[in-house]
């Protein structure tokens, strides 16, 4: 029976879509999970009557309240528009290239990134070199191209992050496309002044075996332009963004205007009264209730040409893009004694609403 109660509580916790109004069942489910309980404790008024919350417990609670206003968990990101940035090969060797892109002022203000695409021109392999590789099977005549984001830190060391990796055939030539959205997201998290965007391209052999040891060396990307100086083979970075003045949320809802189907995505204020919930009686000491929010309204959909380009993205919806935790002081009964304890429930309150598509990238946090 206890197991069934816990399953119900956890089920209720995850049934509300991102951005919808927080319910008492969600708070209960998260609280049971944090305290590893099967069901809410039943406490008499006599158990908590006259209980004094120690100063260190109250100080911990206040500190968590302050922290919840500063610390926000990020949700989905989105965007759509087009801008191309020409880059150059900073270092180019047989199977390794270092690309550099000047990024400052390349991303329009009040916009967010949906996709960054790196385009590299694969040069045709000379026929004489292909003849030497004619015994290779189609699978062996492939190489793996890996894209990494390179960051130089203040102490002189560097770090890399894997961004994209795919197979290319040595028999092919032309433009090859790689998704480097995460690299640009990492770059955006750097403190100003930001260094240029550095991408490390490496080509490795994919298969072991006789005759395959040098196949990957035939995959070459054009460097420093073509011999006539036209720069046909220069690496290109396509930045697709969306102007948030039209496609973003508007912030907080106007309390004087009722929400309708035509209301632009916004954050609506609500109040959750814990004192009116039977399960919270004599268990939750602080707060008696709190302001919570939900994301309401609709979002402008991108042009059809963009939805065809990214078919994996679903319709844009008004969702919570930033959440904060909810600190509570609860009564804990152990060995016949009742004492207060601070608990922090993650991702309970909506801090910001945004328009996002299902399938949009959720960027990783940049680590030190």
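The values are calculated or read from the model by the stated rules, or taken from the named source; none is laboratory data. Predicted model only: the values in this text are computed from it and were never measured. For neighbour counting, all protein chains shown are included, and Cβ atoms are generated from backbone atoms with ideal geometry for every residue, glycine included.
In the stretch 165-204, which residues are in contact with a strand residue (DSSP E or B) (Cβ under 8 Å, 6 or more places away or on another chain) and without any contact (Cβ under 8 Å) to a residue 24 or more places away in the chain? Within the stretch 165-204, 165, 166 qualify. For the stretch 29-40, the criterion of a residue being modelled with pLDDT under 85, in a helix (DSSP H, G or I) and either in contact with a strand residue (DSSP E or B) (Cβ under 7 Å, 6 or more places away or on another chain) or outside the structural domain of residue 287 (by TED's automatic domain parsing) (or both) is satisfied by no position. Being at pLDDT below 80 and outside any helix (DSSP H, G or I), is that true of even one residue in the stretch 278-296? No. The strands (runs of 3 or more DSSP E) located wholly in the stretch 44-158 that include 1 or more residues which are modelled with pLDDT of 80 or more and surrounded by 12 or more Cβ atoms within 10 Å (Cβ to Cβ) occupy 96-101, 111-122, 142-152.
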